[in-house]
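Novice: One structure, pasted below without further comment.
The values are calculated or read from the model by the stated rules, or taken from the named source; none is laboratory data. Bear in mind the structure is a predicted one, so any value in this text is a computation, not a measurement. Cβ sites come from the backbone with ideal geometry, for glycine too, and all protein chains shown count toward neighbours. All accessible areas refer to the heavy atoms of the entire protein, side chains included, with ligands and DNA or RNA removed. Shrake-Rupley method; radii C 1.70, N 1.55, O 1.52, S 1.80 Å.
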Amino acid sequence: MTNAPNLKTASRLDEIKPSITLAVTAKAARLRAAGVDVISFGAGEPDFDTPDHIKDAARAALDKGVGKYTEVGGILPLRKAIAAELSAVHNLKIEPDQILVSTGAKHSLYNLFMALIDPGDEVLIPAPYWVSYPDMVMLAGGRPVILETKAEDDFAVTAKQVAEACSARTRAIVLNNPSNPTGAVYTRAQIEALAKVVVEKDLLVISDDIYRQLVYGDAEYVSIASIGPEVAKRCVLVDGVSKTYAMTGWRIGYTAGPLPLIKAMSKIQGQSTSNPTHISQIAALAALTGPQDCVGVMRKAFDERRKKMVELLRAIPAVQCREPKGAFYAFPDVSAYVGKKTPEGSILDDDVQLCDWLVEVGKVAVVPGSGFGAPGYVRLSYACSMKNIEDGVGRLAKALGSLH
Ligand SMILES: Cc1ncc(COP(=O)(O)O)c(C=O)c1O
């Protein structure tokens, strides 16, 4: 197909960037398809197969003829199961009507920003942030207000920062706990302080809990909604099965929140994607109501890989790596290597160029921190085999060691 003359895409896209994590993963996949042996730490997804009992439930449902349109917000048995699970986790009474099931948690967040934001409304986003939050806020016509956090504070945003950033236009704060990309997990004291300022400033908390079941060592997931009724009223909970049950491709995420907001999101979904895939809803129901030992098995494997990756990264000269306590990412500071010269003679001016060179020459794919609002850092997923961790971080060390 040739280009239409004078084709112009909508100006609302002018500021929107493509997802950098998807771009890195796609580049690694392209090189691999061309026969290049690349080890990729780019993907934000478990390398495990979806557990058998979940696949079996989907197969059995298919055989029974499942595969039609459903209610826009998801089938009632699934919404009941989600409401029961989230009520227990957040110590709240959540009704099935307060649940909207969408095509992945990303879709939940997109619906949420579209339903919530008027032009010029501000949303507080602690950095480093998951790549899509600022772009989704901008697509909805809002203004992302970025709150920088420090590595030495374990990348936790403080109540003081939140209070100082609030303006008359501030609507909400995004809290991603555990965090993608840093793996940081908020302590109870930090959550309590944030809950207090949220109530004082009358903000909405968009609590992205997609990694809440992946916490390690003595870290504990503390739900901000569980702190008390005043903050609970102001919480919108985004969750899903993608990361916990190795179900990224099934595309099921969900939102629990105040009924008027859920209804508004449902209106958007009803005019765009309709219901999430019926068969995936059956699989998600099996995931939530079936045996949970698979979650522990995967968590234990991630924990072992996490320790190995951090140990290997810390052994690279001039690389600083804090201990990630949740999710499945390490987020080392590699700024000592930015501005250095490659053996081929070019200068790597920033982390994006560094990552480009690492994949092309070092044959190891990592995601530049710039995409997460943290230049000088890179993100590595340890949701891959131990062998890939050993070989891939070895490649990283060798490549970085060749810079001068
Ligand atoms: C922080 C965070 N939120 C939401 C999502 C979206 O998850 P899903 O695959 O369910 O759309 C991701 C996926 O990478 C994520 O890392």
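Novice: In whole percent, how big is the carbon plus sulfur part of the accessible area of segment 35-140, probe 1.4 Å, protein atoms only? Before the final figure, lay out each step's value.
Specialist: Values: 2330 of 4380 Å².
Ligands and nucleic acids excluded, carbon and sulfur reach 53 percent.
Novice: Can you put SER132, SER370 in order of accessible area, largest first, using a 1.4 Å probe? Can you show the working numbers first?
Specialist: Numbers: SER132 15, SER370 45 Å².
From most accessible down to least: SER370, SER132.
Novice: Straight-line reach from LYS325: which lysines have Cα under 20 Å away, leaving out those fewer than 8 places along the same chain?
Specialist: LYS150, LYS243, LYS300, LYS307, LYS308
Novice: Quick one: with all protein chains in place, what share of the accessible area of segment 300-404 is carbon or sulfur, to the nearest percent (1.4 Å probe)?
Specialist: Numbers: 2130 of 4140 Å².
Its accessible area is 51 percent carbon and sulfur atoms.
Novice: Using r as the Cβ-Cβ distance of ASN3 and THR289, and R0 as 60 Å, what FRET efficiency do you calculate, to the nearest 0.05?
Specialist: Values: r = 50 Å, r/R0 = 0.84.
Efficiency for this residue pair is about 0.75.
Novice: Could I ask something else about it? Can you give me the C-alpha center-to-center distance between segment 307-360 and segment 1-78, rounded to a whole angstrom?
Specialist: What the calculation gives is 27 Å, centre to centre.
Novice: Under a plain spin-label model, where a point goes 7 Å from the Cα along Cα-to-Cβ, how far apart in nm are GLU323 and THR277?
Specialist: Using points 7 Å along Cα→Cβ, the separation is 3.9 nm.
Novice: So what is the calculated 222 nm ellipticity per residue for the chain, using -39500 (n - 2.57) for each DSSP H run with n of 4 or more, over all residues, to the nearest 500 deg cm²/dmol? Walk me through the intermediate numbers first.
Specialist: Working: 13 runs with 155 residues, N = 404.
Using -39500 (n - 2.57) per qualifying helix, the result is -12000 deg cm²/dmol.
Novice: Ok, one more. Counting other Cβ atoms within 10 Å, keep those with at most 14, restrict to DSSP loop, and tell me which GluC sites (Glu not before Pro) in segment 216-320 are left. Write down the numbers at each step before the final one.
Specialist: On the way: sites: GLU220, GLU230, GLU304, GLU311; in loops: GLU220.
Sparse-neighbourhood loop GluC sites (Glu not before Pro): GLU220.
Novice: Looking only at segment 317-336, which residues have a backbone nitrogen under 17 Å from a spot 7 Å from the Cα of VAL361 in the C-beta direction?
Specialist: Residues passing the 17 Å test: 335-336.
Novice: Something else: Leaving out ligands, DNA and RNA but keeping every protein chain, what accessible area does VAL72 have, in Å² rounded to the nearest 10, with a 1.4 Å probe?
Specialist: About 50 Å², ignoring ligands and nucleic acids.
Novice: Provide the FRET efficiency to the nearest 0.05 for the ASN91-ASP14 pair, computing r from the beta carbons and using R0 = 45 Å.
Specialist: Values: r = 43 Å, r/R0 = 0.96.
Working from the Cβ atoms, E equals 0.55.
Novice: Quote to one decimal, in nm, the extra length available between LYS307 and GLU230 on full extension: 0.36 nm per residue of separation minus the C-alpha distance between them.
Specialist: Contour length minus the Cα-Cα distance gives 23.9 nm.
Novice: Loop-only trypsin sites (Lys or Arg not before Pro) in segment 18-66, please: DSSP not H, G, I, E or B, and at most 11 other Cβ atoms within 10 Å. It would help to have the intermediate numbers written out before the result.
Specialist: Numbers: sites: LYS27, ARG30, ARG32, LYS55, ARG59, LYS64; in loops: LYS64.
Sparse-neighbourhood loop trypsin sites (Lys or Arg not before Pro): LYS64.
Novice: Could you provide, to the nearest whole Å², the per residue accessible area of the chain with probe 1.4 Å? Write down the numbers at each step before the final one.
Specialist: Details: 17600 Å² over 404 residues.
Result: 44 Å² of accessible area for each residue.
Novice: Estimate the FRET efficiency between LYS267 and ALA26 by the formula 1/(1 + (r/R0)^6), using the beta-carbon distance for r and 35 Å for R0, to the nearest 0.05.
Specialist: So, using R0 = 35 Å, E works out to roughly 0.60.
Novice: On a straight-distance basis, which aspartates and glutamates could pair with LYS17 in a cross-link, Cα separation under 15 angstrom, same-chain partners fewer than 8 positions away excluded?
Specialist: Within the straight-line cut-off, LYS17 pairs with ASP135.
Novice: When DSSP beta bridges are limited to those with both residues in the chain, what percentage is antiparallel, rounded to the nearest 5? Display every interim value, and only then the final one.
Specialist: Numbers: 16 of 36 bridges.
So the antiparallel bridges amount to about 45 percent of the total.
Novice: For LYS340, give me every one of the aspartates and glutamates with a C-alpha distance below 16 angstrom, ignoring sequence neighbours fewer than eight places off in its own chain.
Specialist: Result set, ordered by chain and number: ASP349, ASP350, ASP351, ASP356.
Novice: What is the angle, in °, between the Cα long axis of helix 105-116 and the longest principal axis of the Cα atoms in the chain? Nearest 10 is fine, range 0 to 90.
Specialist: That helix lies at roughly 60 degrees to the long axis.
Novice: Give me the percent of accessible area attributable to carbon and sulfur for segment 155-243, probe 1.4 angstrom.
Specialist: Numbers: 1580 of 3100 Å².
After summing per-atom areas, the C and S share lands at 51 percent.
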